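Novice: This structure is in structure tokens; I'll ask about it shortly.
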């Protein structure tokens, strides 16, 4: 009779202990999932910004190579060569899928010199004079004027305090943006801005891999570890809670390092892509 009562007492004590262990494990898993979710949310925004900036920088390099090409063709024309800017622009844009539209506008002569945009080509043979009543023409001319003012202001101040490349995003679609860069009359340090090169792209940055599965993995592993530890620590509630807190902190730290590593990899990937694009500035001579 005494033995029977002792057995019941042991079973009664094991049940609360198991319930406590499961409760702690569930709490840690949910805490890790919530914390990892918040980290993933913040990291995702940073990764999106990094990838978007990387796409913009790649297009800036591509546009800079196009500016170099147009400048070289201009010099050829001045020296008695063919100087066919339209042909050079078309050849260049055909090899760069990121460029949807490219234009060369002379603000000195108020002319559209070259373009690959079907709407521009449909208006007549290039080059042709900009029309004051055409809203697009007015925007191109104003962009060129604004860049010329920025270049002159920077020279007068002796410092680069105004942007000399303008990035304008579409109000309807953030993935569509236009870059405007000044075109100089020569390579001289004090050369005047005589035109603007406009490049439009709708190239959206690739979506970063989701951190959802790693977050679920950290939560599941953390909960399992706490469940095992709580069982091993017996009925010592203080040690169980301390172990649960420690596992939660370690889990969040591990996931934070994983998120940071993903962000660093995105930045390195963007830098590698930009280094690849820099080859354009060396290879434009092949189009002349």
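Novice: So if each residue of separation counts as 0.36 nm, and I subtract the Cα-Cα distance between residue 146 and residue 26, what length gain in nm does that give? Please report the intermediate quantities before stating the final value.
Specialist: Values: separation 120, 0.36 × 120 = 43.20 nm, distance 6.03 nm.
My answer for the length gained is 37.2 nm.
Novice: What ranking do 260, 52 get, fewest neighbouring Cβ atoms within 10 angstrom at the top?
Specialist: On the way: 260 13, 52 17.
If I rank by nearby Cβ atoms, fewest first, I get 260, 52.
Novice: Ok, one more. I'd like to compare 38-45, 112-119: which one has the highest average count of other Cβ atoms within 10 Å, and what's the full order after that?
Specialist: The peptides rank, most packed first, as 112-119, 38-45.
Novice: If the chain between residue 278 and residue 163 were fully stretched, how many nm would it gain, using 0.36 nm times the residue separation less the Cα-Cα distance?
Specialist: Numbers: separation 115, 0.36 × 115 = 41.40 nm, distance 2.06 nm.
Stretched out fully, the residue 278 to residue 163 stretch lengthens by 39.3 nm.
Novice: Suppose each label sits 7 Å from its Cα in the direction of the beta carbon; what would the residue 129-residue 190 distance come out to in nanometres?
Specialist: Distance between label points: 3.3 nm.
Novice: Round to the nearest 10 and give me the degree value, 0 to 90, for the angle of helix 85-94's Cα axis relative to the longest principal axis of the chain.
Specialist: Result, in degrees: 20.
Novice: While we're on this one: When a footprinting reagent is the concern and you count Cβ atoms within 10 Å, what order do 89, 246, 211 take, fewest first?
Specialist: 246, 211, 89
Novice: Can you tell me the 0 to 90 degree angle between the C-alpha axis of helix 2-78 and the longest principal axis of the chain, rounded to 10?
Specialist: Once rounded, the angle reads 10 degrees.
Novice: Over the chain, what is the mean sequence separation of C-alpha contacts under 8 Å (at least six apart), divided by residue count, expressed as relative contact order in percent?
Specialist: Once divided by the residue count of the chain, the mean separation gives 31 percent.
Novice: While we're on this one: Which ordering of 139, 218 is given by a fewest-first count of other beta-carbon atoms within 10 Å? The partial results should precede the final answer.
Specialist: Details: 139 14, 218 23.
The fewest-first ordering by Cβ neighbours comes to 139, 218.
Novice: Further, regarding this structure: Could you give the length gained by full extension between residue 90 and residue 34, i.e. 0.36 nm per residue of separation minus their alpha carbon distance, to one decimal place?
Specialist: 14.9 nm
Novice: Determine, from the Cβ-Cβ distance of residue 207 and residue 254 and an R0 of 22 Å, the FRET efficiency 1/(1 + (r/R0)^6), rounded to the nearest 0.05.
Specialist: After rounding, the FRET efficiency stands at 0.35.
Coordinate-derived values only; no laboratory data. This one's a predicted model, so the numbers in the text were calculated from it and none came from an experiment. Don't worry about glycine lacking a Cβ; one is built from the backbone with ideal geometry, like all the others, and counts go over all protein chains shown.
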